Amino acid sequence: MKIGVLTSSRADYSIYYPLLKKLKNDSFFDLTLIAFGTHNSKVHGNTLNSIKKDGFTKVDLLETMPISDEPIEISKSQGKTIDVFAEYYQNNKFDLIFALGDRFEMFAAVAAGLPFNLKFAHLHGGETTLGAIDNAYRHAISHMAKIHFPACAEYEKRLHQLLDNPHHVYNVGALSIENLKNLDLLSIDELESKFKLDFKLPTILCTFHPETVAFDKNKIYIAELIKAFKALSNYQIVVTMPNADTMGNCIRQELEKAANKLPNLKLIESFGTIGYLSAMKHCKFMLGNTSSGFGEASYFPTPAINIGNRQDGRMRSPHIFDTTIDEASILETVNLVVEKSKSLKPLFPYGDGNTSTSIVNILKQINLEDL
């Protein structure tokens, strides 16, 4: 079975990783990674190099990176991505192509394949993020896909409600949980050696992406978050930099300015899969609006303070603490998390860590000609 896997950033590649290993090592499959988006961007860490270091040699690189994070450039980038992928699909045929999540460039890559009658499998459909335009992209990708691999029963149910013909929907759990189950995560000393970060200090792991539904408010939001950073001077604050979203550069610039003034604020462009999950394990809590605070963080569990509306609609579990994006509310929630964190127990709403095996077994049983 000739398989293509669409990967547009460090984030989706990290999630895909256990499935990619399974597909690469199984002679039933002929695997090609289709890398685009930020993978070849120096600003975003040249993550294409990580793919090659991991031993994946069949990688096709397509240049689709937007010029800037302004709405007009994001929109133009969608058109460029469709144009680039139209040429690619004209010259490259696959039995099945995997798409993951909800990014604008992932939507464009899938949309370009519809006139070719290509078959797509979608990971992480059925989820909801009302504070981001990604919500519409995710549902659109689900409608264009033939096979669906949601991460939990709640999202499987939502896909049945969303789709006109809800066949081939399989609740297989989350690949990220499989990563956590099987990867050898770094120790505190190894994190210090590799990234020059001291996790012996009480550490906050922060990722803050722009709210793309209310993108004009992001300057206010990042200002409030940085005010909270200043008040949390007794913590080492480790920030992973935002994706190429609308207004993402604004947030990036303000974080860089703040890091020059706050000695406890450390900026990381790209941890890589093992580095990021290790930091998640060893930090005191997470702060921000990343989906990993809902999924991967539930495994340890690491408390996650979810700020703002970007992740509205996602399934909540006891390790999630919601708050608004203002300094006072954030600091109040930090105190609450410190008080309650010791009573949290591991949660397993996203499967048993055997997701890639389940997907591979399903693919071997499906007759793609019937889709």
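Bear in mind that the values in this text are calculations on the coordinates, not laboratory data. Note that the coordinates shown come from a computational prediction; the quantities given were computed from them, not determined experimentally. When we count neighbours, we look across all protein chains shown, and the Cβ atoms used for this are built from the backbone with ideal geometry, even at glycine.
Averaged over every viewing direction, what's the projected area of the C-alpha convex hull for region 188-343? Give it in nm², one decimal, please.
8.5 nm²
What is the spin-label model distance, in nm, from GLU154 to SER187 if the labels are put 7 Å beyond Cα along the C-beta direction?
Going by the 7 Å Cα→Cβ label model, 3.7 nm.
Under 18 Å from the Cα of LYS53, which lysines turn up, not counting those fewer than eight places away in the same chain?
Answer for LYS53, where 18 Å is the Cα cut-off: LYS21, LYS22, LYS24, LYS42, LYS194, listed by chain and number.
If I stretch the segment between LEU336 and LEU61 completely, what's the gain in nm (0.36 nm per residue apart, minus their alpha carbon distance), one decimal?
Full extension of this stretch gives 94.4 nm more.
Dipole size in debye (nearest 20) for region 22-69 around its Cα centre, Lys and Arg Cβ +1, Asp and Glu Cβ -1?
Dipole about the Cα centre, nearest 20: 200 debye.
No solvent, one uniform scatterer per C-alpha: report log10 I(q)/I(0) for region 163-275 via the Debye equation at q = 0.10, 0.16 1/Å, two decimals.
-0.42, -0.87
Taking the 0 to 90 degree range and rounding to the nearest ten, how far is the long axis of helix 153-162 tilted relative to the main principal axis of the chain, both from C-alpha atoms?
60 degrees
Would you compute the Debye intensity of region 219-286 from its alpha-carbon atoms alone, equal scatterers and no solvent, and pass along log10 I(q)/I(0) at q = 0.22 Å⁻¹ to two decimals?
-1.05
Among the aspartates and glutamates, select those whose C-alpha is under 12 Å from the C-alpha of LYS119, and discard any that sit fewer than 8 residues away in the same chain.
Qualifying aspartates and glutamates at Cα under 12 Å: ASP95, GLU369, ASP370.
Can you count the Lys pairs in region 244-371 with C-alpha separation below 21 Å, eight or more apart or on different chains?
9
In whole Hz and in residue order, list the ³J(HN,Hα) couplings for region 102-115 that follow from phi through the Karplus curve 6.51 cos²θ - 1.76 cosθ + 1.60, θ = phi - 60°; x for Gly and Pro.
8, 6, 4, 6, 5, 4, 5, 5, 6, 4, 5, x, 4, x
Please give the FRET efficiency for LYS345 paired with ALA231, using the beta carbon to beta carbon distance and R0 = 30 Å, rounded to the nearest 0.05. Can you show the working numbers first?
On the way: r = 30 Å, r/R0 = 0.99.
It comes out at approximately 0.50.
Can you tell me which of 202-209, 179-186 comes out highest on packing, and rank the rest after it, using the mean Cβ neighbours within 10 Å?
The most tightly packed comes first, giving 202-209, 179-186.
Taking only Cα atoms, what is the 0 to 90° angle, nearest 10, from helix 71-91's long axis to the longest principal axis of the chain?
Computed tilt is about 30 degrees.
What is the distance, in nm, between label points placed 7 Å from the Cα along the Cα-to-Cβ direction at ASN260 and at ASN361?
5.6 nm
Which residue, SER233, ALA153, ILE251, has the largest displacement toward the positive end of the dipole of region 135-286 when charges sit on each Cβ (Lys, Arg +1; Asp, Glu -1)?
SER233
Over all directions, the average projected area of the alpha-carbon convex hull for region 136-219 comes to how many nm²?
Details: hull surface 36.8 nm².
The directionally averaged projection comes out at 9.2 nm².
Can you list residues whose amide H is under 5 Å from ASN46's amide H, if they're 5+ apart or on another chain and H is modeled 1.01 Å from N?
Long-range HN contacts for ASN46: SER41.
Suppose the Debye formula is applied to equal point scatterers at every Cα of the chain; what is log10 I(q)/I(0) at q = 0.07, 0.10 Å⁻¹?
Taken in order of the listed q values, log10 I(q)/I(0) reads -0.29, -0.60.
Which distance in nm do the two modelled labels at ASN25 and ASP54 give, with both placed 7 Å along the Cα-to-Cβ direction?
So the label points at ASN25 and ASP54 sit 1.4 nm apart.
Counting only helical runs of four or more DSSP H residues, what would the 222 nm mean residue ellipticity of the chain come to if each run contributes -39,500 (n - 2.57) and the total is spread over all its residues?
After summing the helix terms and dividing by the residues of the chain, the value is -12500 deg cm²/dmol.
Roughly how many debye, to the nearest 20, is the charge dipole of the chain about its Cα centre, given +1 on each Lys and Arg Cβ, -1 on each Asp and Glu Cβ, and no other charges?
680 debye
Taking amide H positions as placed in the peptide plane 1.01 Å from N, state which residues far from ASP30 in sequence (5 or more) or on other chains have amide H under 5 Å from it.
For ASP30, whose amide H was placed from the backbone, the distant partners under 5 Å are LYS2, ILE3.
Translational diffusion coefficient, Stokes-Einstein: compute it for region 30-149 using the Kirkwood radius over C-alpha pairs as Rh, at 37 °C and 0.692 mPa s, and state it as an integer in µm² s⁻¹.
For the chosen part, D equals 219 µm²/s.
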